[in-house]
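Q: Take this structure, written in structure tokens, and hold onto it; I'll ask about it next.
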Amino acid sequence: MLKTVSPVLSPEILYAIARMGHGDEVVISDANFPAASRGIECIEAPGITVSDLLHASLPLFPLDYRFNCPAFSMSSKEDTLELSEAAWDHKKIIQKYEGDGVGVAPLLRQDFYDRALNAFCVIRTGDRRRFANIILRKGVV
């Protein structure tokens, strides 16, 4: 155990976050995210939710504002850009750590999957909420 580091963060998750560089993106996904079939490195975190992981990881690394929005969610609608119920929760958590002006941009499902293909890795949680997936872009310390 480490002092001040949440036990939610496994050694694998800590190692992945530490290896990420400026501009790298990480997908923090719900339990249904198809990481393996897309060939993306996947770290399993089945006992926690995406919100749990955001609370644990956001104190450890800054987000990247180079392109205005450092976070992307999967839209809850098939053809409309709309934040899901889970994404609204994620936005509140991000704003707690990064400030009120930080947004979460919704992406259509296929656009989210396409962006995820270039992610550093996926951390798949046990979150059972629909459309609870989020992509975070790491900034500079």
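The values are calculated or read from the model by the stated rules, or taken from the named source; none is laboratory data. Predicted model only: the values in this text are computed from it and were never measured. We place every Cβ from the backbone using ideal geometry, glycine too, and count neighbours over all the protein chains shown. Remember, those area values only see protein heavy atoms, side chains included, never the ligands or the DNA or RNA. Shrake-Rupley method; radii C 1.70, N 1.55, O 1.52, S 1.80 Å.
Q: For every other residue with a beta carbon closer than 13 angstrom to the beta carbon of Pro46, add +1 if it is Lys or Arg and -1 if Asp or Glu, then tell me the sum.
A: The answer is -3.
Q: Also: Is there a quick way to get the dipole size of the chain? I mean about its Cα centre, with the Cβ of Lys and Arg at +1 and of Asp and Glu at -1; what is the value in debye to the nearest 20?
A: Its charge dipole is roughly 200 debye.
Q: Using a probe of 1.4 angstrom, how much of the accessible area of the chain is carbon and sulfur, in percent?
A: Answer for the chain: carbon and sulfur cover 52 percent of the accessible area.
Q: Could you pull out every one of the lysines with an alpha carbon less than 20 Å from that of Lys138, ignoring same-chain neighbours closer than 8 positions?
A: In chain and number order, the partners are Lys91, Lys92, Lys96.
Q: Return the sequence-ordered ³J(HN,Hα) values of region 23-33 in whole Hz as given by the Karplus equation 6.51 cos²θ - 1.76 cosθ + 1.60 applied to θ = phi - 60°, using x for Gly and Pro.
A: The phi angles translate into x, 5, 10, 10, 9, 10, 10, 7, 5, 8, 5 Hz.
Q: Taking amide H positions as placed in the peptide plane 1.01 Å from N, state which residues far from Cys121 in sequence (5 or more) or on other chains have amide H under 5 Å from it.
A: Placed amide hydrogens put Val27 under 5 Å from Cys121.
Q: To continue, here is another question. Using the Karplus curve 6.51 cos²θ - 1.76 cosθ + 1.60 with θ = phi - 60°, work out ³J(HN,Hα) for each residue of region 70-79 in order, rounded to whole Hz, and write x for Gly and Pro.
A: Taking θ as phi minus 60°, the curve returns x, 9, 9, 10, 8, 4, 7, 10, 6, 10 Hz for region 70-79.
Q: Over the chain, with a Gaussian network built from C-alpha contacts below 10 Å, which listed residue (Gly99, Gly126, Gly23) shows the highest mean-square fluctuation?
A: Gly99
Q: Next up: Can you say what percent of the DSSP beta bridges in the chain, counting only those with both residues inside, are antiparallel? Round to 5.
A: 40 percent
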